Protein chains: 2
Amino acid sequence: MEDRTFGTPGHPEVTSRRGDLFSPACPTRQLLDRIGGKWVAMIVKTLAEAGELRYAELKRRTPGVSAKMLTQTLRGLEDDQLVTRRVEATIPPAVFYSLTPLGHSLDEPLAALREWAETHMPHIADHRSRAR
Amino acid sequence: MEDRTFGTPGHPEVTSRRGDLFSPACPTRQLLDRIGGKWVAMIVKTLAEAGELRYAELKRRTPGVSAKMLTQTLRGLEDDQLVTRRVEATIPPAVFYSLTPLGHSLDEPLAALREWAETHMPHIADHRSRAR
DNA sequence: CCTCCTCGGTTACCGTTGGTTACCTGGTCG
DNA sequence: CGACCAGGTAACCAACGGTAACCGAGGAGG
């Protein structure tokens, strides 16, 4: 008998309890789905360091990003309330992006992850490349 | 693979300096490419908590995972030296997986991320669902 | 005896999604 | 006349993830 009901007996309620990382609404999964995007971590870091930046400037500081992906990523972060978008109705219009407090709070665990990556990834990549 | 033209001005050397998060060999990007996988965080957490588990047991504790993805994920983690695979040549053969010290060290920043997710994601998801 | 199930996978196939390039707007500055 | 600003839209492709089938050995049930 295969229990596909996530092991939780009779609990249709999704309360996203702490510790139950395997619930359908697992917050960690949702978070990783977002910050796992190719540009998210980069943009968050850039904004965390630079404060407020306008679109073209942010694009310049994100080598390799296309306009579409930058816009798309920023929209997503806006929806998540991690960045704010501020438009100055000048001519030409200037659009500024900056992190919200929530965005800054995300940058903290993200910084821990960055540090781990910078410490350990080179070794991993090294071993990996010669092992395979 | 990741050797695409990042506007890198003739720099075949990849030294992965700290602080240069935008180099082609950006360690944070590489890390996110790995742990961003759908099952990686889940498996690392499970192994971090349970210690050593055999394949079928790990599969049971990872609701929704297919044999293919579990194997594939574990192989990747093996290549990264985050988990070790131990085979007991009994009949039937038993295969055990556990975290390496490196894997455990990764679990620490990952735990910070989990905590952030559990704290803030519900609010984000809530706002997101009613905003769009 | 015969069949089903478990263990630990591998392989083939297939759909969705993420990311990319290319091309469009439309106003302004030099 | 062009480039720059801040994007939008369309088409395309590879990778990620899922399903299904298969493997060989052994144990359980009828």
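Readers should treat all values here as calculations from the given coordinates under stated rules, not as data from a laboratory. Computed from a predicted structure; not experimentally measured. When we count neighbours, we look across all protein chains shown, and the Cβ atoms used for this are built from the backbone with ideal geometry, even at glycine.
Between the beta carbons of A:HIS123 and A:GLU88, assuming R0 = 41 Å, the FRET efficiency works out to 0.30 to the nearest 0.05. Shown for B:THR90, B:THR100: other C-beta atoms within 10 Å of each C-beta, ranked fewest to most, produce the order B:THR90, B:THR100. Label-to-label distances for B:SER98 across copies, nearest first, come out at 5.1 nm, using points 7 Å from Cα in the beta-carbon direction. Using alpha carbons only, how many angstrom separate the centre of the range A:35-53 from the centre of the range A:106-124? A separation of 15 Å, based on Cα centres. In order along the range A:103-109, the Karplus-derived 3J(HN,Hα) couplings, from 6.51 cos²θ - 1.76 cosθ + 1.60 at θ = phi - 60°, round to x, 5, 5, 5, 5, 5, x Hz, and Gly and Pro are given as x. Across peptide A:83-90, the mean count of Cβ atoms from other chains lying within 10 Å of each residue's own Cβ comes to 0. Count charges around A:GLU88 for me, please; just the other residues with Cβ under 13 Å from its Cβ, Lys/Arg as +1, Asp/Glu as -1. Residues close to A:GLU88 contribute a combined charge of +2.
Peptide A:98-105 has a mean shielding of 1, counted as Cβ atoms of other protein chains within 10 Å of each residue's Cβ.
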